[in-house]
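Following: one structure in structure tokens, then a few remarks.
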Amino acid sequence: MRFSEEFIEQVRQANDIVSVISDYVALKRRGGNFWACCPFHSEKTASFSVAAEKGFFYCFGCHASGNVFTFIMKKENISFSEAVQRLAERAHIPLPVTEKTEEEKQRDRLRERLFAINEMACNFFHNCLVKTHYGENGLAYLHRRGLNDETIHEFRLGFAPDGWNKLADAFIRKHVPPEELLRLGLIKEKNGHYYDAFRNRVIFPIFDGRDRVVGFGKTSFRRQQAQILEFS
């Protein structure tokens, strides 16, 4: 079932993230946040943090993160739509009744594919930053700017490697349609050849209210430039 943004926001506001997560683990306030042993992996020391005001959780052990919907999806192994329904029922909010046209359904499927590709790109950039030699200069730059590893993981910062087609080749090998990569601004095309739009740049993902990646900002170490994904 597809829900309107207004309904999703109504459900989110009706479900305090601390209250929801407290149904699964015992949270203890420490400083400005709440803490517990992570419900997603085994540990003896509490590394799972919940920021009540931001409506956000983050585990410093396994790096699980997100909002109240993400938590229910991950904990119950259900889809986003099912998580919205579950939390709506919890808050005694009746579900809307909607019927979409075939054109609307096709548009929704395209939007979901584009969001999924952006999520893949976010993981690609983040892994390049923290797990490969390509990101060493970018990581050093972020550290010089005062960002520690915890912050880098929390906000899923990344790095676009210096090369013409590292992302393009990797994604096309995974059968991601180049047309959709072009639409998202992740690659460019010239004379029938595809090449990366971002090269040798620190990348920061831009999220919407549902923790979906809607675009990427980039910095060339001298200036900053942001690119926002817009769906038509």
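Contact list please: Cβ distance under 7 Å, first residue in region 15-32 and touching a residue at least 24 places away in the same chain (Cβ under 8 Å) and assigned by the TED database to the domain that holds Arg86, second residue surrounded by 13 or more Cβ atoms within 10 Å (Cβ to Cβ) and of a type in the set (D, E, K, R), pairs at least six apart or on different chains.
Asn15/Arg90; Tyr24/Lys75
Does Asp196 fit the bill of being buried (at least 21 other Cβ atoms within 10 Å of the Cβ), under 21 Å from Gly135 (Cα atoms) and not hydroxyl-bearing (Ser, Thr, Tyr)? Full working, then the answer.
Values: buried (at least 21 other Cβ atoms within 10 Å of the Cβ): yes; under 21 Å from Gly135 (Cα atoms): yes; not hydroxyl-bearing (Ser, Thr, Tyr): yes.
Yes.
Could you look through region 199-230, keep only residues that are more than 21 Å from Asn127 (Cα to Cα) and surrounded by 14 or more Cβ atoms within 10 Å (Cβ to Cβ), and pick out the one that is modelled with the lowest pLDDT?
The selected residue is Leu229.
The values are calculated or read from the model by the stated rules, or taken from the named source; none is laboratory data. In this text, all values refer to a predicted model and were calculated from it rather than measured experimentally. Positions of Cβ are generated from backbone atoms using ideal geometry, with glycine treated the same way; all protein chains shown enter the neighbour counts.
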